[in-house]
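This report concerns only the one structure given below.
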Amino acid sequence: MDAFADLANGFAQALTPITLLWCMVGVTLGTAVGVLPGLGPALTIALLLPITFKVEAANALILFAGIYFGAMFGGSTTSILINTPGESATIVTALEGHKMARRGRGGPALATAAIGSFVAGTFGVLGITFLAPVIVDFALKFGPPEYFALMVVAFVAVSAVLGDSRVRGLTSLFLGLLFGLVGIDLQTGQARFTFGQPELLDGIDVIVITVGLFAVGETFYLAGRHWMGRDEIVPVAGSLWMSKEDWSRSWKGWIRGTLIGFPIGAMPAGGAEVPTLLSYYMERRLSKKPEEFGHGAIEGVAGPEAANNAAAAGVLVPMLTLGLPTSATAAIMLSALQSYNINPGPMLLKTHGDLVWTLIASLYVANVMLLVLNLPLIGLWVKVLKVPKPYLFAGILVFAMVGTYGVSRSVFDLGLLLGVGVLGLLMRLYDFPTAPVIIGLILGPLAEQEFRRAMITSQGDLTVFATRPLAAGLLVAALLLLVLPPLIRRWFTSRRTGEAALEG
Amino acid sequence: MASQLRPGTVAVSLAVLCTGIGVIVTTMAAPTSPMYAKVGPTAFPYAIGACLCGLGVLLFLDAWRGRWQAEATERPDERLDMKAVGLVVAGFLAAMALVGQAGFILAATALFTLATLAFGERRVWLSAPLGFLIALSAYTVFAKLLGLRMGDGLIERLL
């Protein structure tokens with residue numbers, strides 16, 4: 001197997017002291033931001049994008065991947081101990097995990113989450129190893145029409161499938177696409193939406209949008225709501241060790257969660273919310289003690305946590321093989337690649353194979369580190385929660401300023417950051433999802449490029465999207481993604497009310 | 001149902017609609033080379049503008065029918081503390097005014113201090129020096145170690 005030889009080389013690179021150090025910094029930082037509610041991996045990586053000027057590509061990517069995985073670990077800790085899920089994918093963990101903590105079983109809850117994440121992460125990385133070369137071989141046959149169609153699928157998936165409202169999700173997406181248009185059009189050299197501002201000719205920086213929406217907008221919101229973060233932290237009582245029963249009730253959940261999470265994460269329509277929910281319902285159905293669900297059932301932590309982490313690994317598959325990010329974090333990692341002038345896509349594995357395999361090997365290492373680091377240090381992570389909120393958010397603003405002004409030295413960018421922050425506040429108040437903005441911003445220009453390439457080869461004939469079977473199939477899939485979920489939801493609610501009627 | 005009508009959601013939907021119209025108008029005003037008449041640099045802007053208009057109309061319908069569940073509609077009585085939000089805005093404006101002449105460190109200190117005020121920290125004698133230290137260490141790490149060119153300033157000159 002070629003992949004294994006490549007992977008072995010990757011490990012040789014990943015186990016050098018410098019690389020290990022970057023990985024270590026990544027997972028530590030990632031866990032810390034994962035623990036803190038309101039901070040996520042997308043924002044952290046965006047704030048650290050300036051290091052791409054100085055640090056070499058492999059190390060920067062390893063740092064970012066460490067943050068990504070670490071944040072998943074840290075997020076579950078917050079869900080279990082204070083019942084404020086750091087991100088949407090860990091909401092389900094809070095459901096049972098926090099109940100367990102309240103009943104004095106916080107230790108086993110954290111342990112099953114950590115070990116489950118480790119199991120899922122390891123299998124997920126194995127999955128990447130096997131799947132990536134296969135998808136690359138397939139994707140090399142793609143032409144511009146197929147790429148464009150694939151991106152449309154991703155656009156619809158991230159904006160219309162998740163969240164409460166398709167209309168608002170799509171509005172976010174199109175706002176992101178609009179931001180992506182700003183600047184000089186690469187093919188014709190024409191300036192678009194720059195309004196005579198020379199600062200806008202290079203386009204709006206990803207950092208400005210991400211940091212504006214996630215950090216500045218969030219700060220406005222929390223300050224305006226007088227949120228002082230006086231969350232009640234349930235102390236970790238009892239032993240961290242899981243009893244024999246805990247183990248026997250957990251391991252199947254880990255495996256099942258992994259099997260659900262990885263494929264869904266790896267699909268261009270991925271995401272971690274759907275698999276965690278699916279895993280939760282599956283565990284509840286298969287559990288020998290379904291009556292414990294809702295009162296702290298350990299299966300309800302083990303399954304979804306594994307699903308969450310397996311999906312997080314799965315998301316890296318389309319990112320590394322197709323250049324297709326399906327989460328805000330993956331989108332920002334993609335823009336990190338772009339800042340090294342590395343073109344993401346199926347050629348990545350051929351042209352920068354060593355980089356990709358080092359990254360994959362580092363993910364294995366990161367998983368081991370997280371397991372070793374996190375369980376014994378849980379007390380330390382809980383202390384992170386005690387940083388006074390005024391200082392925490394004011395400090396984040398200082399780093400937001402480093403990420404914007406420090407890169408461009410433009411006061412205009414600071415003003416833009418303020419404006420995007422106000423937009424972020426409005427989006428928060430009126431419940432618009434923010435991830436589609438980021439994905440539209442980063443993927444939009446690539447989609448336009450593929451579309452125009454397709455039009456050049458077909459000489460402006462739009463039917464090329466209908467006559468090429470794969471492109472047509474993908475576009476149909478996108479349409480179904482847009483239309484089907486509300487129908488399914490309606491069907492489920494009518495069935496549920498039917499059941500309720502029968503039971504009643 | 002007029003009783004459920006929230007002026008906020010209507011305003012947001014109209015803002016989206018106006019953005020869409022603005023995108024189309026701006027694109028029409030832009031000069032284009034006839035060479036790229038078919039799928040040139042205006043195709044995507046037109047499409048995005050049109051979609052934003054359509055979404056604006058759909059949002060308006062949601063707002064009109066009161067089917068827009070969000071924090072702003074669920075908790076309309078709890079108004080956002082605009083004084084706190086204003087303090088953060090003031091922090092940014094201060095930073096923008098200071099950063100050119102006084103430099104990054106002092107500008108970031110001002111931003112930090114005003115932001116902590118927004119979060120209810122009144123002990124400025126505590127937060128201002130702390131902000132200064134954080135700005136100083138951020139500058140040291142990013143400008144000195146990572147070689148980011150963060151500009152000159154009063155404190156920066158002393159380093």
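We did not get these values from a lab; they are worked out from the coordinates using the rules stated. Model, not experiment: these values are computed from the prediction. Here the Cβ positions follow ideal geometry from the backbone for every residue, glycine too, while neighbour counts run over all protein chains shown.
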| remark: The simple spin-label model distance between A:Lys350 and B:Ile21, using points 7 Å out along Cα→Cβ, in nm, is 5.0 nm
| field | Average beta-carbon neighbours from other chains, 10 Å sphere, peptide B:79-88 | value | 5
| task | Under 14 Å from the Cβ of A:Gly176, count the other residues' Cβ atoms, weight Lys and Arg +1, Asp and Glu -1, and hand me the total. | result | -1
| Summing -39500 (n - 2.57) over the DSSP H runs of n ≥ 4 in the protein assembly as shown and dividing by its residue number, what mean residue ellipticity at 222 nm do you reach, to the nearest 500 deg cm²/dmol? | -23000 deg cm²/dmol
| Given charges of +1 on the Cβ of Lys and Arg and -1 on the Cβ of Asp and Glu, with all other atoms neutral, how large is the dipole of the range A:271-331 about its Cα centre, in debye to the nearest 20? | 120 debye
| remark: For chain A, the longest principal axis of the Cα atoms and the Cα long axis of helix A:144-156 enclose an angle in degrees, to the nearest 10, of 40 degrees
| Stretched out fully, how many nm does the piece from A:Asp2 to A:Leu186 gain, at 0.36 nm a residue minus the Cα gap? | 62.5 nm
| Taking neighbour counts of Cβ atoms within 10 Å as a proxy for exposure, in what order, fewest first, do A:Trp254, A:Trp491 appear? | A:Trp491, A:Trp254
| query | Roughly how many nanometres apart are two label points built 7 Å out from the Cα toward the Cβ at A:Phe492 and A:Leu21? | reply | 4.9 nm
| query | Over all residues in A:170-176, what is the mean tally of Cβ atoms on other chains that come within 10 Å of each residue's Cβ? | reply | 6
| remark: Amide H contacts under 5 Å for A:Arg192, restricted to residues at least 5 apart in sequence or on another chain and with H modeled in the peptide plane, are A:Gly183, A:Ile184, A:Asp185
| Helix B:124-139 vs. chain B, principal-axis angle (Cα, 0 to 90°, nearest 10) | 80 degrees
| said: Can you find, among A:Asn309, B:Leu80, A:Ile209, the residue sitting farthest towards the positive end of the charge dipole of the protein assembly as shown, where Lys and Arg contribute +1 and Asp and Glu -1 at Cβ? | reply: B:Leu80
| request: Using packing as a proxy for protection, rank A:294-304, B:138-148 so that the peptide with the highest average count of other Cβ atoms within 10 Å comes first. | output: A:294-304, B:138-148
| said: Relative contact order of chain A, please, whole-number percent, based on alpha carbon pairs below 8 angstrom and at least 6 residues apart. | reply: 28 percent
| query | Short version: ³J(HN,Hα) in whole Hz for each residue of the range A:469-479, in order, from phi by Karplus 6.51 cos²θ - 1.76 cosθ + 1.60 (θ = phi - 60°), x for Gly and Pro, what are they? | reply | x, 5, 4, 4, x, 5, 5, 5, 4, 4, 4
| the range A:12-50 to the range A:115-157: how many Å between their Cα centroids? | 23 Å
| said: Considering just Cα atoms, how many Å³ per residue does the convex hull of the range A:425-468 enclose? | reply: 102 Å³
| request: In debye, nearest 20, what is the charge dipole magnitude of the protein assembly as shown about its Cα centre with +1 on Lys and Arg Cβ and -1 on Asp and Glu Cβ, if you could check? | output: 860 debye
| Spatial separation of Cα centroids for the range A:366-380 and the range A:247-285, in angstrom | 22 Å
| field | Partners for B:Lys144 among lysines (Cα-Cα distance below 17 Å; same-chain residues under 8 apart left out) | value | A:Lys54
| message | Highest mean first, how do A:315-326, A:418-429 rank when packing is the count of other Cβ atoms within 10 Å averaged over residues? | response | A:315-326, A:418-429
| task | Report, in debye and to the nearest 20, how large the dipole of chain B comes out about its Cα centre when Lys and Arg carry +1 and Asp and Glu carry -1 on their Cβ. | result | 140 debye
| remark: Cα extents of the range A:56-176 per principal axis, largest first, Å, are 57, 37, 27
